[in-house]
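The structure appears below as structure tokens.
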Ligand code: G
Ligand code: G
Ligand code: MN
Ligand code: NA
């Protein structure tokens, strides 16, 4: 069978898994704030298939719609279980939305249904969009983002700094947070990248947005970003993505 057919069957065959990568608040000493939901695929007869291989196929074939719905449902289920297990901790889960999902006319209704059905606090469900994905139709994007915000969800701009779009959307789009792209963090030892990151952080704060730095792999990167005023940190230095069946162990160690 080709990849598309096998991916089409992956949901029913229970071959999809949710991994959660921790995100820490670093204003003071790091405290667990939430997680990014990252999809994983393990076909029965093979090893793990990297997302870089199957996400593009899912996007091209439209399979990202049912798969994305599966990610959303899993994420809301997790949030429901945490509301019972950790009532004092409002951990968040950020879900990635690709262009295809964002332009799906059913998206808002699906989000609403999932939140209501699982009785979760919408503040704990966050949505990651990329600038290039949603810039083709800014007016439609603004309208959709407004509804999502009215439902109570936070919007993050993923891979910030890598797109080619105009920055004017920063004041026109109702967004909450910028995620500084990993490429800037990886090469933070370079003066130019430090200038860029400092500028992004200042820009975000001037607009009332918060900042997540992703791809932090070293203590030095973490300390530099904290000193620059970045509020949230994500990366292997803190934790790799964790499969759902091990997440409670991680949370209990970080309460
Ligand atoms: O860690 P990782 O290799 O999982 O992610 C690779 C890429 O796949 C990233 O760009 C990430 O945004 C994307 N990705 C991971 N999970 C999902 C998902 O559930 N939905 C979408 N649309 N993209 C995802
Ligand atoms: O495009 P997006 O930001 O959603 O992609 C997240 C991707 O980054 C995932 O594939 C995740 O596994 C990966 N990732 C998360 N932290 C690190 C890190 O510290 N180093 C590297 N190299 N990749 C990371
Ligand atoms: Mn992301
Ligand atoms: Na990113």
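Just so it is clear, none of the values below were taken in a lab; they were calculated from the coordinates. Just so you know, these numbers come straight off a predicted model, no measurement behind them. Here the Cβ positions follow ideal geometry from the backbone for every residue, glycine too, while neighbour counts run over all protein chains shown.
Structure notes:
- Number of positions in the stretch 213-255 that are within 16 Å of ligand 3 (Cβ to nearest atom) and within 16 Å of residue 82 (Cβ to Cβ): 1
- In this structure, residue 145 qualifies as part of a helix (DSSP H, G or I) and either within 17 Å of residue 207 (Cβ to Cβ) or in contact with a helix residue (DSSP H, G or I) (Cβ under 6 Å, 6 or more places away or on another chain) (or both).
- Per the conditions (1) touching a helix residue (DSSP H, G or I) at 6+ places or on another chain (Cβ under 9 Å); (2) within 21 Å of residue 20 (Cα to Cα), the sole criterion not satisfied by residue 236 is (1).
- The helices (runs of 4 or more DSSP H) located wholly in the stretch 153-215 that include 1 or more residues which are in contact with a strand residue (DSSP E or B) (Cβ under 8 Å, 6 or more places away or on another chain) and more than 30 Å from residue 114 (Cβ to Cβ) occupy 182-186, 191-206.
- The residues of the stretch 210-236 that are more than 16 Å from ligand 4 (Cβ to nearest atom) and buried (at least 16 other Cβ atoms within 10 Å of the Cβ), listed by number, are 222, 224, 226, 228, 231.
- Here 175, 200, 216, 247 are screened, and the one residue that is within 16 Å of ligand 1 (Cβ to nearest atom), within 16 Å of residue 160 (Cβ to Cβ) and touching a residue at least 12 places away in the same chain (Cβ under 8 Å) is 216.
- Scanning the stretch 53-70 for residues that are within 16 Å of ligand 4 (Cβ to nearest atom) and either within 19 Å of residue 20 (Cβ to Cβ) or touching a strand residue (DSSP E or B) at 6+ places or on another chain (Cβ under 7 Å) (or both) yields a total of 1.
- Conditions (1) within 14 Å of ligand 1 (Cβ to nearest atom); (2) in contact (Cβ under 8 Å) with a residue 40 or more places away in the chain; (3) part of a helix (DSSP H, G or I); number of the one not met by residue 126: (3)
- Remark: pairs (first residue in the stretch 44-62, surrounded by 10 or more Cβ atoms within 10 Å (Cβ to Cβ); second residue part of a loop (DSSP other than H, G, I, E, B); Cβ separation under 6 Å; 6+ apart in sequence or on different chains) = 48/42; 59/98.
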